[in-house]
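Working notes, structure below.
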Amino acid sequence: MHVSMLSVPQGVCMVRLLLPGGPSSRSARGEMLLYINGSTLFGFGARWDHGRFCDDSFVLRGEQTATEPQAWASLGPSVPPKFPPPPRPAGQEKVTAVANITASSLLGNKSAQNARTPLKGSIVDYVAAVVGERRDVKIDEVACSGPSAPVGDCVAVVGDPCDHEPVVPECEAMLLTVVVDLARGRLDRAEVNGYPVETHDDVARWERIAP
């Protein structure tokens, strides 16, 4: 199991867990995104079967058993790491670099033939097409997945059409975030509305049920 602390714009603590499959299903794996906000724990998860598609997703909710590091320490030997710094707007060099990475190189697969949004153009173009318009997309420097990855190692292409609509109390829309490891030119992680996704097919599945 791989656990990494991530920072998100909403100011809550998010923990990402990668769960490899057991000996009987080596290519099956899962991922969970857990959010801790105040005293409430909630999260979303997905499972992929044999690396082909996301065949299951789930939601969980619960209450924290401790709210301070000292209290967590009394529950066991380990103490949660400190909150990472918040994302920061990416510099022009990184904005240009991520705009030159194609969506197909990060989310490519051949099964999403009936997708609402074609997998074409740069990853920035693709995220904009999925969520709405280019103005709905911002690019932030974030930490890559890992126990000690500093902010700035990865770039998050954040598609959030609700971000600039504060007059709407309950905005319903596709929210897509794709985090790119620029040094390696590969996908670090991605999510739709909080649920982990890996491929164009996973995104297309959410598009079919999006408002």
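The values are calculated or read from the model by the stated rules, or taken from the named source; none is laboratory data. A quick note: this is a predicted structure, and the numbers were derived from the prediction, not measured. Here the Cβ is made from the backbone with ideal geometry for all residues, glycine too, and neighbour counts use every protein chain on show. Calculation scope for accessible area: heavy atoms of the full protein, side chains included, ligands and nucleic acids excluded. Shrake-Rupley method; radii C 1.70, N 1.55, O 1.52, S 1.80 Å.
Packing-based ranking of 117-129, 188-200, 87-99 yields 188-200, 117-129, 87-99, ordered from highest to lowest mean Cβ neighbour count within 10 Å. The gain in end-to-end length when the GLU93 to LYS120 segment is fully stretched comes to 7.5 nm, 0.36 nm per residue minus the alpha carbon separation. Residue separation of PHE42 and CYS171 scaled by 0.36 nm, minus their Cα-Cα distance, works out to 44.5 nm of gained length.
Computed with every protein chain present, the accessible area of LEU175 is close to 60 Å² [probe 1.4 Å].
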